[in-house]
Every structure is written in structure tokens, then in C-alpha cells.
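Undergrad: Quick one: the structure is below, and I'll ask about it shortly.
Since every read-out is calculated from the coordinates, none of them should be taken as a lab result. Keep in mind that what you see is a predicted model, and the values were worked out from it rather than measured. Note that we place each Cβ from the backbone using ideal geometry, even for glycine, and neighbour counts take in every protein chain shown.
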Amino acid sequence: MLVDAELRSDRTWHITGITTPRVGAAINQAIVLQRLNDDGLRSLLGGSATSGASFPSGRSWEVFRELARSLLTDELNSLIRRSWEGLRQPSAARVLVSIRAMLLDPDIALAEGEPAPAWLEVVPFDAAAASAAAKLRDGDVTFDVTRTQVSFAPGGDRIEVAVRTPREMLIHECKVVSGDKPLLVAPLTRVVRRDALTALPPIVLSAEAVRGFAANGASGGELLLSVRGTEKRFATRIPVAALPAFSAVADIFLDLGSTNTKWALRLEGKEPVEHDQDTATLTEVWGIDAYRKAELLSDSAGDRWSEWVARALPALRHWVGREHNAYLRNVHLSLPSTEQFDVIALGKTLRDTARSGDGASRSPQDALRRATTENLVSQGAVVVVPEHELVAAHYLGVLRILQKAAQAYAGRFKSHEARCADQAQRQRTWDSRQAAVSDYESRWFGYRWFNDRPAGPSGSRPSVDTKITNPAEWMNDLVEHPEQFDHVVLLDAGGLSLDISVLEKHELVRALSRSDTGCGGEAISSRIGRHEIGPRGTRYKAQLGLRWLPARDLSDPAQREYRDATRELYGPVLTRVIRSLGETRWKKSRHCCVLLTGGGSRNPHLAEYISELASDAGLRANVVDAPTVQDLIRQAREFPEPLQELGSEEVRRFEATQVWSERRERQPLARYDKFAVVGGMCALGGRRL
């Protein structure tokens, strides 16, 4: 006979069954099991009725086996005698007992070094739990999901559930579905103890999984648990809050500055909406770590920056969901390329990590890859682009269109003038012949008798086209010196730093590109006695810029102080860069373009100083800022003759971002493009990592 014993997860022993193929159901198992559970377990556990903190020793099992053999022998022989019909009394039957112990408590282990006897089979927990789970029926497993509601609120991406079951079971997998669409399939190992409410590990949903609850208009989903030992899946409904439509995805464009951040949010199928906020306030609202630009960019490997973005993505994802009712898809970020910090190399490292990253790796780049997968939808990405590419795309794209339009018009004008000259010459020839005929016909008869009639003009008198408008001065400048756009200096004058990027034929000259934290706008504020750091200091500099009038006002003490501070702070770094360009790299090509952006571009003394430095270095610099480009576009639109490509996407986007800047600027006359970098992101569309 085989006696089944269970050590359950509540540390209690139970004798659950007797298997005897030869006798079958003849034995009254209920009585036998009751006696085994009373007397047998006391012998097994040393006097305790049921509980056991450890697996019994081999000697204890021998005592229990002998008691069970004696009890079963008496029961069997009594049964035989009662049903015996022969004349002679039957001899006593012998009973052999084997024991099968089911370990349903995963915390109980066999004693080491003590082999189990042949008649004792110890079934380990996994197999024991599988055997127990096979007896589960529909409705046996109950769930508590009161702490779960899928949403964009804190913790809304976690499924927290507790399970109760009348038998021990081993969960080995969970699956989250919405309708017939699987949202998440993941291994989940948890022992569920008998009749105890067991909390499962939190199931964290990715952004794509949360979005999946809104697929096909569904408003909920199910959690399915797979249990060892049965093919049944035990399910419960998952509470889901009102979520955005499945198609509501958003891209965010971030120009993170040390003091001020310009950013735009673009919902699918809609125009971007621009924003301009204090960086410290913005990071606090978003719930992300403070953005310490200089500290993050001091790490040439980009590890600190990667860690910061990886930590920021979850909070940014939830903020976009709560405030804009959308799922975050792409995050576009701009970074300055300096001699120490190579944005292009960082992008390559991240792309390589995305393609072949080891899921177990703990590198910052791999952490960013995992954060991207978990927090962005539609295979979205973190898009990092060097600031110089973005500013160049924003400004140079428009300038090249204007240059192309000017070249086309200049060519049209020259061909028109040549055609007009030819028409005038043919008209003079026709008039000369017509005059000769008229003179001949006016002579007396004898003259005409002795002289031949001159050849007259053929056809009608040629006409001369009306003269078209001469090219404007700005057209001549762009047409005569196209090489200036192959030699570009980008100056992003921010509140805490001056970012310099030197481009030769669109390629960055890393040796001359740098970010200098000693000559920001806040330093100028300090030099001129205004120590307000932040928006107040920025407004003060704007007011000083507004006071810049013609030379007659240079006697104003504040303007003189402003001018001197500008030259003193920007002088060392700008002199070094511009002199190097004039004396070595651009010695043969003297024409260049200097693009000014950032709040410091409002400083009129800066543009003046740059022109002086370039002239001293033998360069002819075309200093361009947002108002300059906007004025060129205006002149092009007002030109009497139609110019091509003024309706292009680049021009339209530049004008749109200029409107953003004017709308956000507290000092309306302090015209500059706050959103040059963001406009460049929109123009390029980003480069995926």
C-alpha cells in the first residue's frame, strides 16, 4: 500500500490518501486516514499533532511506517475475515507500506547527508505543487486587485495583485491582454500558499503596454496566470482609468539650457506648440532631476548625460500622459559639441548599444536603451543632435534658399539685359533701313532714276522688353560671396555659457569648438552691478539692449558699462578663435558668416565687437541673427519681381519659430529667435539613435 503525506505551506502535515490496487475501495479510507492523522503523525513528529518545522528524520519515518503497516494490516485482515466464506480461517495477510511525501512548503529542505530509504519517495516542491494544482477547479483562485488602476498617475503603470487559493500552487508566468492582443508576457515565479492571501511581485507595464489597453477602443484588460501542473489559466480583470486614444502620440523637442529651456510638443497630425520656461522650474514640474548642464557635459564619455536621460524618461512619459493626454513617442534633445564632448560619438555609441546591447549590462548607455524601450511607444527613440547642426539647419537653410533665389534672379536679370541689348540693336538696324528707304523715296525723280532703291527692313519693327528691376543690394551680397556659407561660426550666447561651433563646409572643426562657462549673460549682469541671477537678470540685459540707439547715445553711462563688460568678458575667447581662423584656416577665403543665437544675441555690442575682431583678423564677416534673416525674408517678399521658393517649408518654419519667439518675449522689441535650436529639430526631424 502507498500512503500519501503532504507537508503543506502552513507547516502542517496531513495524510491525504492510501493507494492499494489489489484491495481498491474495500478499505474504509476515512477511518484509516483519521487514525493515521491522529496516531501516525504523533509518532512521526515526536508528539506534535500536525506541525513540523523541519523534514522528519529517517528514524521517525520508520516509526511512522511501522505504525501504518500495523494499522493497515489489522484493517485488511479484519476485512478479509469478515468477508471470508471458507471453512478454514484464512492465514494473516502481509502488508508492505511505501510512503510518498509531498513537499508543498518550499522553505523545508531534506537533511543533508541522509539518503532516503527505497520505500520513501520525497516529491520536491515543484512537482508537489504541480500535482496539487492539477486538482484546482474553476473559481478556486480568487484575486484582489483593489490597489491597481492603470493610468498616468504615480504607480499607474504597475499591476499589484494578491491571490488566494485552497491549494498550494506555483505561478511561473503572467500574461496581460487587452481583448485578444497580448500586451505583456513575462516569467513570474511565486509560491501561493494554501488559504493565504499572497501578494504577487508588482508587474510593471511598459508605455506600449499601457497604450495597448486603448487599442480598438478597449477600456480594460485581463491578467492571466499560468500555474505549474495545469494548462488552465486563471484570469482577473484589470481596472483601467480613462486613457488617451491609441493614435494620440506626441514628440517632444528639448533645448535644455543652464537657466532657460525652450521646448515644443508636437501631437500626431498637429503643429508643434512652443514653450519657454525656467529650467529649474520646468524640471521640478516634470518631476525629473535638476539639469546641471556643465556637470553633465564634463563627462566626455557621455555616461552622466545618459544616466540623467534614463532617469528622466519615466517621469516625462507620465507628465505627457497626464497633461497632454498622449503617449510619448520620441524625445529630441540638443547638445553642444565641444573639444571634450563629442555628440556624434555619443550618438554612435548609443546606436551600437541599441543594436547589440546586452540586457544584463549595467552600462549607462544600456540603461538608457532599456528606459527608451520601456517608456516610449511606436519604437520611439531618444534623438540627440549636435546644436551646431540644428542652428545651421535653422539659419543656413533659409539663407541658402534666399541665396538660390537671388542667384536665379541675377541670372534671369542678366539674360534679360542681354536679350534687351540684342532687341535694341535689331530695332536700331530696322530703323536705319526704314530711314534709308524713306530718304530714297523723298528724293527727286532723277536721283531715283540713277540710284537703286535701298533694301528695306523685313517684318514689323522689333520691340524691346520693359526693363525689370535691378537686383537688390542684399541679393548682390549673397550672389557675390557664396563661399561665406562654407565658413561659418555659430555663437550661442546663453545665460551661463558661450557655445562656439566652427563649421567648414558643414563639418565641425572640433579643435576650435568649445563651451566657455566664463562669459555667459549672467556674468555680464554681475560685472555691471546687477547680481540678479535668472529671469530678472535676463530682463535687465534686454532693457539695456533696447537702449542701444545711434552713436549719439554712447555717452549713456549704462551703455558704456554694458559695452565694456561685453568686450572684457567675450574678448579672450572670441579673439583666440577668430584670430586663429583669420591667420591660418581661412587665410585664403576671407568671407565668412557668423550666426548669433541665444539671449546674448540681443546684445548689440556683441555683434559690433565680432565685426571688429573679424576685420582685425583680415576676415569679412557677415554677422547674422534672427532679425537679420527675418528682414531678408521681408525684403525678398516685398521685391517687385517674384522670387522662387519663398514658400518653402524651411522659410515657413523659420517664420513660425520667429512668431513663437515674439509671442514668448517679455520685451517685444528685443527681437531674437529663442527657438532656433527647436526650429532646427523640427527642420531635421531628428536623427534616431
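Undergrad: So who's got an amide H within less than 5 Å of the one on Val384, skipping anything under 5 residues away but keeping other chains? H placed 1.01 Å off N, in plane.
TA: Long-range HN contacts for Val384: Leu333, Arg687, Leu689.
Undergrad: So what is the calculated 222 nm ellipticity per residue for the chain, using -39500 (n - 2.57) for each DSSP H run with n of 4 or more, over all residues, to the nearest 500 deg cm²/dmol?
TA: Values: 20 runs with 277 residues, N = 689.
It comes out at -13000 deg cm²/dmol, rounded to the nearest 500.
Undergrad: What do you get for the angle between helix 604-616 and the principal long axis of the chain? Use alpha-carbon atoms, 0 to 90 degrees, nearest ten.
TA: 70 degrees
Undergrad: Give me the net charge of Ala68's neighbourhood, meaning all other residues with Cβ under 10 Å from the Cβ of Ala68; Lys, Arg count +1, Asp, Glu -1.
TA: Numbers: positive: Arg35, Arg65, Arg69; negative: Asp39, Glu66.
Here the charged neighbours net out to +1.
Undergrad: What is the dipole size for segment 421-523, taken about its Cα centre, with +1 at each Lys and Arg Cβ and -1 at each Asp and Glu Cβ, in debye to the nearest 20? Intermediate results must be reported in sequence, preceding the final value.
TA: On the way: 11 positive and 17 negative charges, 253 e Å.
Dipole magnitude for segment 421-523 comes out near 1220 debye.
Undergrad: For Lys467, list the aspartates and glutamates whose Cα falls under 20 Å from its own Cα; do not include residues on the same chain fewer than 8 positions away.
TA: Cα-Cα hits under 20 Å: Glu417, Asp422, Glu638, Glu641.
Undergrad: How big is the charge dipole of segment 142-238 about its Cα centre, in debye rounded to the nearest 20, if each Lys and Arg gets +1 on its Cβ and each Asp and Glu gets -1 on its Cβ?
TA: Roughly 240 debye for segment 142-238.
Undergrad: Then there's this: By average Cβ neighbour count within 10 Å, what is the ranking of 450-459, 593-602, 629-638 from highest down?
TA: Packing order, densest peptide first, comes out as 593-602, 629-638, 450-459.
Undergrad: Next question, about the same structure. Of the listed peptides 149-162, 4-17, 430-443, what is their order by residue-averaged count of other C-beta atoms within 10 Å, with the highest listed first? Present the calculation step by step, with values, prior to reporting the outcome.
TA: Values: 149-162: 17.6, 4-17: 19.7, 430-443: 12.7.
My ranking of the peptides, most packed first, is 4-17, 149-162, 430-443.
Undergrad: Could you compute the net charge surrounding Gly397? Neighbours are other residues with a C-beta less than 14 Å from the C-beta of Gly397; K and R count +1, D and E count -1.
TA: -2
Undergrad: Any of Lys135/Lys175; Lys262/Lys293; Lys270/Lys293; Lys135/Lys232 with alpha carbons more than 19 Å apart? Name them for me.
TA: Checking Cα-Cα distances, Lys135/Lys175; Lys270/Lys293 exceed 19 Å.
Undergrad: Taking every pair of alpha-carbon atoms in the chain, give the share separated by more than 33 Å as a whole percent.
TA: It works out to 67 percent of all Cα pairs.
Undergrad: Only bridges whose two residues both fall in the chain count here: according to DSSP, what percent of them are antiparallel, nearest 5? Walk me through the numbers before you get to the answer.
TA: On the way: 61 of 94 bridges.
In the chain, DSSP labels about 65 percent of beta bridges as antiparallel.
Undergrad: What aspartates and glutamates does Lys181 reach when the alpha-carbon gap must be under 14 Å and sequence neighbours fewer than 8 apart in one chain are set aside?
TA: Those aspartates and glutamates meeting the cut-off are Glu208, Glu222.
Undergrad: Further question on the same structure: For segment 250-390, give the magnitude of the charge dipole about the Cα centre (Cβ charges: +1 Lys/Arg, -1 Asp/Glu; no others), in debye to the nearest 20.
TA: So the dipole magnitude of segment 250-390 works out to roughly 460 debye.
Undergrad: Taking Cα atoms, how many degrees apart are the long axis of helix 58-82 and the longest axis of the chain, rounded to 10 and kept between 0 and 90?
TA: Tilt of helix 58-82: around 60 degrees.
Undergrad: Near Ala242, within a Cβ-to-Cβ distance under 14 Å, what is the net charge of the other residues, with Lys and Arg +1 and Asp and Glu -1?
TA: +2
Undergrad: A follow-up question, please. Sort the following peptides by mean Cβ neighbour count (other Cβ atoms within 10 Å, averaged over residues), highest first: 76-86, 203-213.
TA: Put in order of decreasing packing, that is 203-213, 76-86.
Undergrad: Also, quick follow-up: If you build the convex hull over the alpha carbons only and average its shadow over all orientations, what do you get for segment 250-390? Give it in nm² to one decimal.
TA: 8.2 nm²
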